[in-house]
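Derivation of every value follows stated rules applied to the coordinates shown; laboratory data play no part. No experiment lies behind these values; they were computed from the predicted model shown. A quick note on method: Cβ atoms are made from the backbone with ideal geometry, for glycine too, and the neighbour counts reach across all protein chains shown.
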Amino acid sequence: MKKKIYELINKNLVFIKFIYGLIILNVITLILESYKELRASFSDYFYYFEVFSVIVFSIEYLLRLWTSDLHKTYKGPPLKKRLKFVFSTLGLIDLIAILPFYLPFIFPFDLRILRILRLFRLLRIFKLGRYSKSLNTLISVLKSTKSELAITGLVAFILLVLSSTIMYYFENEVQPEKFASIGHSFWWAIATLTTVGYGDVYPITAMGKVMSGIIALIGIGFIALPTGIISSAFIEKVQENKKKINSYICPKCGTEVNR
């Protein structure tokens, strides 16, 4: 019985397509709910669909938890395997997909917290990663480049601090309301280093303009770093997947042969 359910929720195409479609409908519903007119006219339908979705996702989560001891990648006794599933990335996503619905029944929240909890419904879209090869490839790429991206993130933070500090000392006297502190200057530094440049905050002193130009040029080169890291790793991963598809292991000699 357990094995049949495991096969159903992990390999049955009809079930997978049903969950896939339900996730997409949840995202569409969340968007439609943001329109005041639609929310007023179809609030009951939105609520009933949410209840239906939570029931389905809850049953799916419980079934996955129950059958997680059959998962080949989990090692150890059944309880340990179930704990590994609960704290795995996909397990946590499955839990977050349903938990916000139940929390208000357990703990009293004000309206602001309830709005944040409703926002968590959007995270259901990450459940697609269980079924989408493209998303799995992207996640694999991000995992393989996490050390390089961490270094890039550290460099970005250092550049933001330096840029904010420099512009604060150059612009604070002439624009005390816009560059009131180094913290206030962070907005300008982020907009400039990411080459967005909204134009709501900009330097007016000569040295401020010179430094702003230098920082903007640094930003152009810096933004290319994480893009290059991810794109090169992504291309490498795609080529690796294609190689696996176009090759097989010879049953006689055990060597890999390209088709």
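Applying 0.36 nm per residue to the separation of ILE158 and THR195 and subtracting their alpha-carbon distance, the gain on full extension is 11.6 nm.
Going by neighbour counts of Cβ atoms within 10 Å, the residues MET167, MET1 line up, fewest first, as MET1, MET167. Computed from Cα atoms, the angle from the helix 89-106 axis to the main principal axis of the chain rounds to 80 degrees. With neighbour counts taken as other beta-carbon atoms within 10 Å, the residues ASP69, ASP94, ASP200 rank, fewest first, as ASP200, ASP69, ASP94. So what is the 222 nm mean residue ellipticity for the chain from helices alone, if each DSSP H run of at least 4 adds -39500 (n - 2.57) and you divide by all residues, rounding to the nearest 500 deg cm²/dmol? Estimated from H runs of four or more residues: -24500 deg cm²/dmol.
Between VAL56 and LEU225, full extension at 0.36 nm per residue minus the direct alpha carbon distance yields a gain of 56.6 nm.
For the residues ILE204, ILE23, ILE190, a GNM of the chain with alpha-carbon springs under 10 Å puts the largest fluctuation on ILE204.
Here the average projected area of the convex hull drawn through the C-alpha atoms of the chain stands at 22.0 nm². Where the centroid of each part is defined by its Cα atoms, how far is segment 189-228 from segment 26-47 in Å? Using only Cα atoms, the two centres lie 40 Å from each other.
Between 0 and 90 degrees, the angle of helix 13-33 with respect to the longest Cα principal axis of the chain falls at about 40 degrees.
Across the chain, Cα pairs under 8 Å and at least six residues apart give a relative contact order of 13 percent. If R₀ is 45 angstrom, what is the calculated FRET efficiency for the pair GLU173 and LEU138, using the beta carbon separation as r and rounding to 0.05? So, using R0 = 45 Å, E works out to roughly 0.45. Note on segment 2-129: along the principal axes its Cα atoms extend 51, 34, 20 Å, ordered by decreasing extent. Measuring against 26 Å, Cα to Cα, the residue pairs LYS11/LYS80; LYS4/LYS81; LYS36/LYS178 contain LYS36/LYS178 as the ones spanning a longer distance.
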